[in-house]
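So the structure is just underneath, and the comments pick up after that.
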Amino acid sequence: MTDPKRQRNQIRSLRRALSPGRQRAHARAAARNFHASPLFLKARHIALYLASDGELDPQIIARQALACGKKVYLPVLRPQNRRALWFAPYRPGQRLINNRFNIPEPDIRSHKPRRPWALDLILMPLVAFDLGGNRLGMGGGYYDRTFAYLRHRRVWKRPRLAGLAHELQRLDTLSANPWDIPMQAVITEQAYHPCGGRAGPTENAQATTRMS
């Protein structure tokens, strides 16, 4: 079994090694794939993230969503439980404040946050993924704790969970933990990948769609 810490270090090094030009090209291609996907068409309230450490940048996706009349959100640390997340309204260029980890987030005193079940789609950062919908994150467990309420549900309508990543972050298989909530899709610069997540009804049975 591959050590998750070693996997994280290897893949983080690979994505950080991408040139700024390649990063921008991947972001544009992934945005095209996402814009043509059923996830984008059906969602009105979409959470994403601010990219760091070589992550695929979703800023183009944010601008596309806002231009189409959709609402966009960023994760914020929950005031009562700072090891889980809420999601606050966001627009590119908006003034943000640093949380206790020096990560910028909207100020919830002036931007009322939503709980995860009040969103249609949550686009998550990740370190690695497989086509079974398994996700290797940074190891903090924030998204796992945020979605813990979904563990005992066979299906749910929202939020749908999807990852954004560079194709180089794709692995053949990842070990799943009992607390993991599988993603329904992953979007990369090469494809919209339907996965094996449980939310339904889904598009998961479709073959991977190459759009770029």
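The values are calculated or read from the model by the stated rules, or taken from the named source; none is laboratory data. Here the structure is a predicted model, which is why all the values come from computation and not from measurement. So basically every Cβ, Gly included, is an ideal-geometry build from the backbone, and we count neighbours across all protein chains shown.
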Residues satisfying the stated conditions in the stretch 1-15, i.e. part of a loop (DSSP other than H, G, I, E, B) and either of a type outside the set (S, T, Y) or under 19 Å from the mean Cα position of the chain (by Cα) (or both)
M1, D3
Looking only at residues in the stretch 142-166 that are of a type in the set (G, A, S) and over 18 Å from S52 (Cβ atoms), which one is surrounded by the fewest Cβ atoms within 10 Å (Cβ to Cβ)?
A148
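Do the conditions hold for A88, that is, is it buried (at least 17 other Cβ atoms within 10 Å of the Cβ), in contact with a strand residue (DSSP E or B) (Cβ under 6 Å, 6 or more places away or on another chain) and of a type in the set (G, A, S)?
yes
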What's the number of the only condition in (1) hydrophobic (A, V, I, L, M, F, W, C); (2) modelled with pLDDT of 95 or more; (3) closer than 22 Å to D144 by Cβ; (4) touching a helix residue (DSSP H, G or I) at 6+ places or on another chain (Cβ under 6 Å) that A84 fails to meet?
(2)
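Which one is farthest from P125 (Cα to Cα), of the residues in the stretch 25-71 that are of a type in the set (S, T, N, Q) and in a loop (DSSP other than H, G, I, E, B)?
Restricting attention to the stretch 25-71, the residues satisfying the condition of being of a type in the set (S, T, N, Q) are 33, 37, 52, 59, 64.
Among the residues that remain, those that are also in a loop (DSSP other than H, G, I, E, B) are: 37, 52.
Details: S37: 18, S52: 9 Å.
Across the stretch 25-71, the extreme among qualifying residues is S37.
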In the set L126, L136, L171, which member is among the aliphatic types (A, V, I, L, M), under 30 Å from K5 (Cα atoms) and surrounded by fewer than 17 Cβ atoms within 10 Å (Cβ to Cβ)?
L171
Would you mention how many residues in the stretch 21-32 are surrounded by 22 or more Cβ atoms within 10 Å (Cβ to Cβ), in contact with a Ser or Thr (Cβ under 8 Å, 6 or more places away or on another chain) and closer than 30 Å to W117 by Cβ?
1
Subset of the stretch 25-80, residues out of contact with any helix residue (DSSP H, G or I) (no Cβ under 9 Å at 6 or more places or on another chain) and polar (S, T, N, Q), comes to N33, S37, S52, Q80
Taking the stretch 93-115 and keeping residues in contact with a Phe, Trp or Tyr (Cβ under 7 Å, 6 or more places away or on another chain) and either closer than 28 Å to R15 by Cα or part of a loop (DSSP other than H, G, I, E, B) (or both) leaves P106, P113, R115
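Given R28, R44, which one is more than 24 Å from G137 (Cβ to Cβ) and touching an Asp or Glu at 6+ places or on another chain (Cβ under 6 Å)?
Working: R28 fails: touching an Asp or Glu at 6+ places or on another chain (Cβ under 6 Å).
None of the other options fit; the residue is R44.
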Matching residues, the stretch 6-15, being surrounded by 14 or more Cβ atoms within 10 Å (Cβ to Cβ) and either more than 20 Å from S52 (Cβ to Cβ) or at pLDDT below 95 (or both)
Q7, R8
Among the numbered criteria (1) of a type in the set (D, E); (2) under 20 Å from H166 (Cα atoms); (3) surrounded by fewer than 14 Cβ atoms within 10 Å (Cβ to Cβ), which one does D3 miss?
(2)
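Specify which of the listed residues (L77, L48, L18) is touching a residue at least 12 places away in the same chain (Cβ under 8 Å), within 14 Å of the chain's Cα centre (by Cα) and surrounded by 16 or more Cβ atoms within 10 Å (Cβ to Cβ). I'd like the intermediate steps shown before the answer.
On the way: L77 fails: within 14 Å of the chain's Cα centre (by Cα); L18 fails: within 14 Å of the chain's Cα centre (by Cα).
Residue meeting the stated conditions: L48.
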Determine, yes or no, whether W156 is at pLDDT 90 or above and closer than 27 Å to R83 by Cβ.
no
